[in-house]
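Scroll down for the structure; my scribbles are underneath it.
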Ligand code: ADP
Ligand code: ZN
Ligand code: ZN
């Protein structure tokens, strides 16, 4: 084994908020050939011990070779992160201007990030030493347990693993006592890697594709090398069936497949659909796994035991032996963008990863982002379309219900209630969508109009009924319900407006004979809660589902034939330039839950704005035409996809510090930006100027070309990092999806 020479310096990326690597010396016995990029090392850092990732080995440190500390130890025999992932992480750190060490940390399960544990599964085997084999048993005196252990081990000359030892009633303490006497030894074993088998891939036969599906599948399976496909298929058009068959083809080549789904789209049903189809191991990654389960799954993927990975955003950074295809379902979903820390977009990184590997990537959606549509329409992506629902299901009909001047019962028009009643009587299910959890968005004094604002945010507190309290949805601050008005002391405080809890109450009293199932963050927090709700819905009994956008995504509810959107109006007038796009996507996704079975679906939209151009275009001409109109607007404004954005955010408890800091940045940034043709706007207060006790400001950067914007960011971020030190919280957000 090669030992370190006099000039071996290890560059280590550490999970600290600094955009640089750190140099260390190897230990005298460190095998240099194992210092591959992607390998974990433990190093002293200040007073702490940190786990970092080897970045490279160099002959001389620019910090001077004499002042370097020595690593504490090497943690992997084989790099935890393979070359493919190392390259991806480096690209991402560069593009998102985020510290490399923290990017690597995202690619490791918590237990490998914070503990010395080996990434390879290691089992301990206890075996007799020569002394143990030869020693006379009488010499052990009256140590009965030790005697028993020796006798058992003599019958097993190769030694025994932990679980078997337990079976023989041999305890760890006994073995340690024997080890001290030099009678037994521990050996570490790596169980042989069980690769998935190519011989039998399918557990059930695939569906016969319809013509559109066949046309969509063909170019994907014929693709050799890198290509991005945008699979635009209306809800229920059988996109998933196309994915399944594309994956089958990929597995036939002996390669693994990765499927990304939105945060709340990974339901037990989704996982089952993949597990039922394939005879090879499918592993999943989602937020309900324990750290231990996550590590177990990660290992299976890393060592090639798993054939298919199905997971939410972070699964994209899973190291895979032999990845052959990536699928991003519901590519428009906002959960692909991490909104704090390392602000990456897993959809975009999926394309980069596929490009680096030279494999196809499929982005699927009924309502693609304008970015992806633009790429498809300009020919960079290959555009595949499914325009009809698969099987016998028909597209849902829309009915825009003008509720101006209408008498409403609990916010619902009489036509809607009649329709609900008749659907329920016909033993169908009804879904009522409202994108606001809690009881009511505000608790207001009827005498003077006072209401409680969150003391830490610029936002009113939401009224919750069960348990009764006021809740800030932005910082989680909670208060008891006040008994009287904070201004005039009146006790007449009334909940104003509607949230899921109140709607649930109202519907229960309007339809006492039918169960009402509420699905929002509050009713699904516990681990199995969502699964239980879904099970009930899938049992098919007539019922009313009430919920937020959690209900909108990806679910297949064959018995739901009526979807009601109580108030679409709020979404039509939001400040964010992407709000219109998001509202349209959400609306079509919710509507897409209707009529996925044999009966045609109906979608009721209640609005005070029946003539709103968004609704008009969307419903009469469809999403494609709507997207074209929106694209024309964006082109005029130079907004994405016709320009590139980045946000520099800063926040501080002091009301002035963050804005002063960004003002200062703006002053030196402006000339650099002008030289590169990048515009700098601001600093301006964020859409929510105060959140969780902090005052928030932002500078927006807009470039016509990506490279110029990137170049500016590179210079800016380095300087900001130095100037901010650790006195100010700041961040950079490349390709932001929301501006708040
Ligand atoms: P999407 O992913 O586009 O929402 P799915 O793949 O979930 O659509 O398909 C919707 C329904 O249509 C599912 O019940 C699925 O089993 C069925 N389906 C899909 N493709 C076919 C096909 N070729 N023939 C018959 N049924 C199909
Ligand atoms: Zn009052
Ligand atoms: Zn708050």
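Values as computed for the structure displayed
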{"item": "Exclusive hit being more than 16 Å from ligand 1 (Cβ to nearest atom) and under 29 Å from the mean Cα position of the chain (by Cα), set 492, 522, 505", "result": "522"}
{"item": "Selected residue [within 16 Å of ligand 2 (Cβ to nearest atom) and closer than 11 Å to residue 438 by Cα] from 503, 493, 470", "result": "470"}
{"item": "Check on residue 31, in contact with a strand residue (DSSP E or B) (Cβ under 8 Å, 6 or more places away or on another chain), in contact (Cβ under 8 Å) with a residue 12 or more places away in the chain, over 12 Å from residue 14 (Cα atoms) and surrounded by fewer than 19 Cβ atoms within 10 Å (Cβ to Cβ)", "result": "yes"}
{"item": "Tally of residues being surrounded by 17 or more Cβ atoms within 10 Å (Cβ to Cβ) and more than 16 Å from ligand 2 (Cβ to nearest atom) across region 449-458", "result": "2"}
{"item": "Subset of region 304-355 [more than 27 Å from residue 373 (Cβ to Cβ) and out of contact with any helix residue (DSSP H, G or I) (no Cβ under 9 Å at 6 or more places or on another chain)]", "result": "304, 322, 340"}
{"item": "Filtered residues of region 133-161 (kept if surrounded by 14 or more Cβ atoms within 10 Å (Cβ to Cβ) and under 21 Å from residue 123 (Cβ atoms))", "result": "149, 152, 153, 156, 159, 160, 161"}
{"item": "Filter pass, residue 449 being over 30 Å from residue 262 (Cβ atoms) and more than 16 Å from ligand 1 (Cβ to nearest atom)", "result": "yes"}
{"item": "Filtered residues of region 725-740 (kept if touching a helix residue (DSSP H, G or I) at 6+ places or on another chain (Cβ under 7 Å) and within 17 Å of residue 666 (Cβ to Cβ))", "result": "728, 730, 732"}
{"item": "Which listed residue is crowded, with 24+ Cβ neighbours inside 10 Å, part of a helix (DSSP H, G or I) and modelled with pLDDT of 95 or more, from 363, 310, 316", "result": "316"}
{"item": "Lone qualifier among 199, 151, 158, 212 - being in a loop (DSSP other than H, G, I, E, B), away from ligand 2 (no atom under 16 Å from the Cβ), on the phi < 0 side of the Ramachandran plot and touching a residue at least 12 places away in the same chain (Cβ under 8 Å)", "result": "158"}
{"item": "Strands (runs of 3 or more DSSP E) contained in region 661-740 and holding at least 2 residues within 16 Å of ligand 3 (Cβ to nearest atom)", "result": "678-691, 694-703"}
{"item": "Which listed residue, of 331, 321, is within 24 Å of residue 221 (Cβ to Cβ) and surrounded by fewer than 20 Cβ atoms within 10 Å (Cβ to Cβ)", "result": "321"}
{"item": "Which numbered condition residue 461 fails, given (1) out of contact with any strand residue (DSSP E or B) (no Cβ under 7 Å at 6 or more places or on another chain); (2) under 26 Å from residue 651 (Cβ atoms); (3) crowded, with 21+ Cβ neighbours inside 10 Å", "result": "(1)"}
{"item": "In region 596-625, residue nearest to residue 429 (Cα to Cα) [restricted to those that are outside any helix (DSSP H, G or I) and free of Cβ contacts under 8 Å to residues at least 40 places away in the same chain]", "result": "622"}
{"item": "Answer residue from region 439-495, given it is away from ligand 3 (no atom under 16 Å from the Cβ) and in contact (Cβ under 8 Å) with a residue 60 or more places away in the chain and is nearest to residue 519 (Cα to Cα) among those", "result": "439"}
{"item": "Odd one out for residue 37, checked against (1) at pLDDT 95 or above; (2) part of a loop (DSSP other than H, G, I, E, B); (3) farther than 23 Å from residue 322 by Cα", "result": "(3)"}
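The values are calculated or read from the model by the stated rules, or taken from the named source; none is laboratory data. Being a predicted model, the structure only gives us computed values, none of them experimental. Positions of Cβ are backbone-derived with ideal geometry, glycine not excepted, and every protein chain shown enters the neighbour counts.
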